[in-house]
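A short write-up of the structure that comes next.
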């Protein structure tokens, strides 16, 4: 793989380094370029094994000596740059950077709908990237037929990517743009929709069966599911909690529902 012997230093006016920094900071910039930034050997290696196409690979001398041979081979035609440790520290988004950075192309986007008999989850306006990343990781670990995102935070936010531990590259994730069309599809195809709510009158999670398939809806961290959404669902389910408790973290709640669906 072609590369330059020059090691880029802080203050270098390099367009690839600038692109990486902008992709790391801005959702608008990511969407405009259909690309995202990644950091860390494990994550970049995982992306390559999952079929993600890299546009550029940026390595420190130390990282090049340790990981370069493998990453160069797997990265195909991606442009390779060498960075000084100081420059790597400037563009890193983590405190313990490994000196491995990459610019990758976004995954193909699909507008799918749940299928009859499938077990899936819809995330409604989940805004915390740490929560979204954790849900992706849990969904891959426990298994799901689909993870549908409606007006959630950016899928390619660096915190989502790191939190997913590579699950982003493999989980069946789909963007959902129209809730009315979603409910109409589920009604037409006899797919149960289950609203996760904090309501002591709702059906208790653990006492119900998902054997015939269903879509569980998880709401926004602060507001949950709006009434106009939960009222359209086939069932309302709640997680049993201690009397003094009135909420659970969205990622934790999603994990409990995913666990029950996998049983």
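Every number in this text was worked out from the coordinates using simple rules, so none of it is lab data. Note that the coordinates shown come from a computational prediction; the quantities given were computed from them, not determined experimentally. Because the Cβ atoms are built from the backbone with ideal geometry, glycine has one as well, and the counts that use them run over all protein chains shown.
Ordering 183, 20 from the fewest to the most neighbouring beta carbons within 10 Å gives 183, 20.
Mind checking which of 235, 175, 137 has the largest fluctuation in a GNM of the chain, springs on alpha carbons under 10 Å? Most flexible of the set in this elastic network: 235.
Using a simple spin-label model with pseudo-atoms 7 Å out from Cα toward Cβ, residue 231 and residue 175 lie 3.0 nm apart. The convex hull drawn around the Cα atoms of the stretch 41-88, when projected onto a plane and averaged over every direction, covers 3.1 nm². On the principal axes of its alpha-carbon atoms, the stretch 157-212 has extents of 38, 28, 22 Å, going from largest to smallest. Taking a spot 7 Å from the Cα of residue 62 along the direction of its beta carbon, which residues of the stretch 19-54 have an amide N less than 19 Å from it? Flagged as within label range: 39-45.
Treating only the Cα positions of the chain as identical point scatterers, give the base-10 log of I(q)/I(0) from the Debye formula at each q in 0.11 Å⁻¹. Those come out to -0.66, one per q.
Against the main long axis of the alpha-carbon atoms of the chain, helix 179-188 sits at an angle near 50°.
Over all directions, average the projected area of the Cα convex hull of the stretch 92-169 and note it in nm². Here the figure is 5.9 nm², rounded to one decimal. Want the number for residue 50 to residue 29: 0.36 nm per residue separation, take away the alpha-carbon distance, what's left? Answer, rounded to one decimal: 5.2 nm. At a Förster distance of 35 Å, what's the computed FRET efficiency of residue 110 paired with residue 221, Cβ-Cβ distance as r, to 0.05? The formula returns an efficiency of 0.85 here. On a C-alpha basis, how far is the centre of the stretch 100-172 from the centre of the stretch 184-214 in Å? Whole number, if you could? Cα centroid to Cα centroid, the span is 21 Å.
Go ahead and run the numbers for FRET between residue 252 and residue 7, Cβ-Cβ distance against an R0 of 45 Å, rounding to 0.05. For residue 252 and residue 7, the calculated efficiency is 0.50. Taking a point 7 angstrom from the Cα of residue 151 along the C-beta vector, which residues in the stretch 207-227 have backbone N less than 18 Å away? Under 18 Å, as judged by backbone N against the label point of residue 151, lie 217-227 of the stretch 207-227.
Residue separation times 0.36 nm, minus the C-alpha to C-alpha distance between residue 263 and residue 79: what's the value?
61.7 nm
With both residues required to sit in the chain, DSSP beta bridges show an antiparallel share near 30%.
With a/c under 1.5 counting as rounded, go ahead and sort the stretch 159-263 into rounded, prolate or oblate using the C-alpha gyration tensor (a ≥ b ≥ c being the square roots of the eigenvalues; past the cut-off, prolate if a/b is larger than b/c, else oblate).
Rounded shape, in that the Cα axes give a/c under 1.5.
Normalising the average separation of contacting C-alpha pairs (under 8 angstrom, six or more residues apart) by the number of residues puts the relative contact order of the stretch 119-262 at 31 percent.
Projecting the alpha carbon convex hull of the stretch 1-128 along each direction and taking the average yields 9.8 nm². Seen through its C-alpha gyration tensor, with square-root eigenvalues sorted a ≥ b ≥ c, the stretch 205-263 comes out oblate because a/c lies at 1.5 or above while a/b is not bigger than b/c.
Computed over the chain with a Gaussian network model linking Cα atoms closer than 10 Å, the most mobile of 136, 19, 168 is 19.
Helix content alone sets the calculated 222 nm mean residue ellipticity of the chain: runs of n ≥ 4 DSSP H residues at -39500 (n - 2.57) each, divided across all residues, give -10500 deg cm²/dmol.
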